[in-house]
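The values are calculated or read from the model by the stated rules, or taken from the named source; none is laboratory data. What you are looking at is a predicted structure, and each value in this text was computed from that prediction instead of being measured. In this analysis, Cβ positions are derived from the backbone assuming ideal geometry, glycine residues included, and neighbour counts consider all displayed protein chains. The accessibility values were calculated without ligands, DNA or RNA, using every heavy atom of the protein model including side chains. Shrake-Rupley method; radii C 1.70, N 1.55, O 1.52, S 1.80 Å.
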There are 4 protein chains.
Amino acid sequence: MIKAAPFDFPYDGRLVAENTALVVIDLQQDFLSTTGYFARKGYDPSPLRAILPTVNRLISAARKAGVTIIHTRQGYRADMADMTPYEKWRRKRSGLDGTDILLRSGAGFQIVPEIDVAPDDIIVDKTCNSAFTYTDFELVLRAQGITHLMFSGCTTDVCVHTTLREACDRNFQCLTISDACASGDRQAHEAALHMVTVEDGVFGVLADSAAVIDGLSRLGGRRHADA
Amino acid sequence: MIKAAPFDFPYDGRLVAENTALVVIDLQQDFLSTTGYFARKGYDPSPLRAILPTVNRLISAARKAGVTIIHTRQGYRADMADMTPYEKWRRKRSGLDGTDILLRSGAGFQIVPEIDVAPDDIIVDKTCNSAFTYTDFELVLRAQGITHLMFSGCTTDVCVHTTLREACDRNFQCLTISDACASGDRQAHEAALHMVTVEDGVFGVLADSAAVIDGLSRLGGRRHADA
Amino acid sequence: MIKAAPFDFPYDGRLVAENTALVVIDLQQDFLSTTGYFARKGYDPSPLRAILPTVNRLISAARKAGVTIIHTRQGYRADMADMTPYEKWRRKRSGLDGTDILLRSGAGFQIVPEIDVAPDDIIVDKTCNSAFTYTDFELVLRAQGITHLMFSGCTTDVCVHTTLREACDRNFQCLTISDACASGDRQAHEAALHMVTVEDGVFGVLADSAAVIDGLSRLGGRRHADA
Amino acid sequence: MIKAAPFDFPYDGRLVAENTALVVIDLQQDFLSTTGYFARKGYDPSPLRAILPTVNRLISAARKAGVTIIHTRQGYRADMADMTPYEKWRRKRSGLDGTDILLRSGAGFQIVPEIDVAPDDIIVDKTCNSAFTYTDFELVLRAQGITHLMFSGCTTDVCVHTTLREACDRNFQCLTISDACASGDRQAHEAALHMVTVEDGVFGVLADSAAVIDGLSRLGGRRHADA
């Protein structure tokens, strides 16, 4: 069980490693580097970089507990077959025309090297803000028997929140980790965290990384059991 | 064309009545009445009631222009077959157990009588916050050839925003009408409007009702043509 | 456990009433009556009528065992908002223009009175051939914890098979009941049953109603337990 | 316009290269080679190999006409995160345990070298039988403005038909090319073609490759226009 607001997670007190995933949203060069998409849009990526140690602590605690780790990566197909005329117009307007920024073939598509990605981690690539839309994310979650999701990554207000909302609508149990998410827009970040808890938890619950790590440490874990 | 921020709508200047819908989200008794779900959750429904005249003005302008009007209604099936154990737990926690609040069989499910619903309007019922998830909303939009959506209704931060995000991911062209949306949480409402425009319009554009009505008035309209 | 080909159902031997549904596809007047859609298309509905006693025996056995019963109904919205120009063209070509055949507002939309529909049964309305597409079918199945589906109804080659294929792709465990499905086209019916078992059960397994009833009778059942 | 049964394609006579795609389903080593998945399941892949020249003629005609070419490939993720316990059981039962057959990392996942795949062709990878389910196929089709699909590939009764059915439910205009599809099961192949036309074209229309090539040749084509 993880101490959370407006109620503890999960609601029935049954936290089970096999049913739970830590979802790490879009911690890619395009968002975190000083020359990537996000920086070129005029945002300061330093709040995004600031969460990396926290996310790594969570990844480490999840691994120990036997919780599945899923990383998502945002990017258009290398052939741009999934890009609409509107998206091409926005791309041009952003000065990204002719670059490989936000393409799966670009260097910026890679997860930043600071993040601890293990061979057993699952990686889901997406074009949309939601990790569910036009991807195999839900297929993988259901195939793995995962019903409980803990969210981290960037940006809180765009891709984290869109994926979180879709996860709630599909009846996954959701927890957002407040200090493991970040945005380039401080107001939007704080409001996004606040929105999780409106209507007594309309998008699940909110906890900080210390509470999550504490809850995971009491799980035992598959890896310990194997030893 | 409608004056909007961060860019006019639609981006290519081609506003066409046949391809456009005014979406009116969840203006139901359960959210707007003083005895409904929302009031019982401790929220003041008066900001929601305050937008009704504005929404009606938009509906009137949309009708004149020949723009399709779609109302959504949120509610669980009368047989509650779509309600999970978690949702039953939340329902009990909210003191709604044994009531017909948020059920399609309840009086609160109806759209408030102040809203001008015409026989030709389309009504989509949903269980989720997103009007797209597990409904025929996308089927109807595509069957009607609708590619451009203008959003109004409640609440800005929950059902409007979740539907808006899904619409963007499915590549509909989206405009949120700032003074035709409302929430019981002022901070969340304002943040939700702000979020539309981050990353230079990541969820489309924002306009007020005056700009929308002005844009619609210049469309001509099917009804005028019929006359 | 139910004796089936090419392997018994479910594959792991664990038949559990709470996780299982009997799905009864489209046994409506539009398909079964001598004046409905199907008859007007030139098909003889008598093979469809012939399965009704078998489907009722299955419904009765499922009820006793505590297995959920889900009926689907095919029809366009009464406002026809989900009908494309192509479908209107086909409708006209079939001489259905101006009728209420295949509309949810028509008498033909109702399930035939011979079928035993109880107040606790779940009804899912659909526009498409698949019960999954643009409906709340999957939402209901997952909310109810249903993972195993047994298919009956009509027509074997169109709506039963399309729903079955989608169910398999979504990783539900599927059994098709050979003598509880029917079609107006004998060749298509038989081929549809055969297709279930190609590639050693690519769409799950095939059993007859006697085997299903026998398997259900050994389940015990919630109702007996309640008594 | 393409001569087809039960009616010509498309129904309104407006065949437009930009809105049309030739879909080539799963012509991969795992299905066509004598040591792949299909052969190991006991099927003779020679009927599948026999359509390759026909499919290449169609690809060539489609390229000349400016019609988009989309190849699909079936396979589990290399990390098998999308494989359920049931699928692992079936895999073991088929003697595929420990092999890389049907994995995206396997040599059998590749499209056979006989098929003319150009750099501009679009490739969609899938786990399910339907190319729509848990993939970006629909995202790509809509982004490209493609509304008309012509189907070829293997196997007629499983992946071609499941994708075709889903395409129809999503209101794409569909044509199945009778002599450009194949299956290891002759009865299932023929029945699958027959099923397209039941109920006066419930899954669209059927044409042979000669009729399709003839129709495409009269389109003019983007490439000719460019010359």
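Can you tell me the convex hull volume per residue for region B:51-92, based on C-alpha atoms, in Å³ to the nearest whole number?
116 Å³
Hey, what did region B:93-227 get for relative contact order, percent, Cα under 8 Å, at least 6 apart?
Contact order relative to length: 16 percent.
Of all DSSP beta bridges located in region B:17-226, what percent are antiparallel, nearest 5?
Around 5 percent antiparallel, to the nearest 5.
Using a Förster distance of 25 Å, how high is the FRET efficiency between C:Arg186 and C:Asp97, based on the Cβ-Cβ distance and rounded to 0.05?
With R0 = 25 Å, the Cβ-Cβ based efficiency is 0.25.
Which three lengths, in whole Å and largest first, does the protein assembly as shown cover when its Cα atoms are put on their principal axes?
67, 64, 56
If you average 1/r over all unlike Cα pairs in chain A and invert the result, what Kirkwood radius do you get in angstrom?
17.7 Å
Sort region A:37-150 into rounded, prolate or oblate with this rule: let a ≥ b ≥ c be the square roots of the eigenvalues of the Cα gyration tensor; rounded if a/c is under 1.5, and if a/c is not under 1.5, prolate when a/b is larger than b/c, oblate otherwise.
Oblate, since a/c reaches 1.5 and b/c is not below a/b.
For region C:73-120, what class follows from the C-alpha gyration tensor (a ≥ b ≥ c being the square roots of its eigenvalues): rounded when a/c is under 1.5, otherwise prolate if a/b is larger than b/c, else oblate?
prolate
For the protein assembly as shown, give the percent of accessible area contributed by carbon and sulfur heavy atoms, probe 1.4 Å, rounded to a whole number.
So the carbon and sulfur contribution to the accessible surface is 50 percent.
Taking the Cα centre of the protein assembly as shown as origin and charging only Cβ (+1 Lys, Arg; -1 Asp, Glu), how large is the dipole, in debye to the nearest 20?
Approximately 0 debye in magnitude.
Under a 10 Å cutoff between Cα atoms, tell me which one of A:Arg49, A:Arg142, A:Arg104 has the largest fluctuation in the Gaussian network model of chain A.
Result: A:Arg142 has the largest fluctuation of those listed.
Listed here are the pairs B:Lys3/C:Lys88; B:Lys126/D:Lys126; A:Lys88/A:Lys126; C:Lys92/D:Lys3; which of them are more than 25 Å apart at the Cα?
Correct reply: B:Lys3/C:Lys88; B:Lys126/D:Lys126.
Is it possible to state the helix-based mean residue ellipticity at 222 nm for chain D, with each DSSP H run of 4+ residues giving -39500 (n - 2.57), the sum divided by total residues, to the nearest 500 deg cm²/dmol? What is it?
-9000 deg cm²/dmol
What FRET efficiency comes out for the pair A:Asn56/D:Ala118, r = Cβ-Cβ distance, R0 = 56 Å, nearest 0.05?
FRET efficiency, A:Asn56 to D:Ala118: 0.85.
Under the definition of Cα pairs under 8 Å and six or more residues apart, what whole-number percent is the relative contact order of chain D?
Relative contact order here is 31 percent.
Work out, in µm²/s and without decimals, the Stokes-Einstein translational diffusion coefficient of region D:85-150 at 10 °C, 1.306 mPa s, Rh from Kirkwood over C-alpha pairs.
Result for D is 109 µm²/s.
Using modelled amide H (1.01 Å from N, peptide plane; none on Pro or chain starts), what sits under 5 Å from the amide H of D:Thr68, excluding residues fewer than 5 places away?
D:Thr20, D:Leu22
Rg over Rh of region C:137-197, using C-alpha atoms and the Kirkwood radius, what does it come to?
Ratio of gyration radius to Kirkwood radius: 1.00.
Quick one: if the Förster radius is 35 Å, what FRET efficiency do A:Ala78 and B:His194 give, using the C-beta to C-beta distance and rounding to 0.05?
Between A:Ala78 and B:His194 the formula returns 0.55.
Restricting to the protein assembly as shown, compute how many DSSP beta bridges are antiparallel as a %, nearest 5.
Just about 10 percent of them are antiparallel.
Other chains' Cβ within 10 Å of B:182-193 residues: what's the mean?
3
Any idea what the dipole of region C:17-226 comes to, in debye rounded to 20, about its Cα centre with Lys/Arg Cβ at +1 and Asp/Glu Cβ at -1?
It comes to approximately 360 debye.
Using Cα springs under 10 Å in a Gaussian network model of chain D, which residue among D:Thr34, D:Thr68, D:Thr99 shows the largest mean-square fluctuation?
Judging by the Gaussian network model, the answer is D:Thr99.
With a 1.4 Å probe and all protein chains left in place, how much accessible area per residue does region D:17-226 have, in Å²?
32 Å²
Among A:Asp157, A:Asp82, A:Asp30, which one moves the most in a GNM of chain A with springs linking Cα atoms closer than 10 Å?
Of A:Asp157, A:Asp82, A:Asp30, the Gaussian network model singles out A:Asp82 as fluctuating most.
If I histogram all Cα-Cα distances within region C:16-80 using bins 5 Å wide from 0, what percent of pairs lands in each bin?
4, 16, 20, 20, 16, 12, 8, 4, 0
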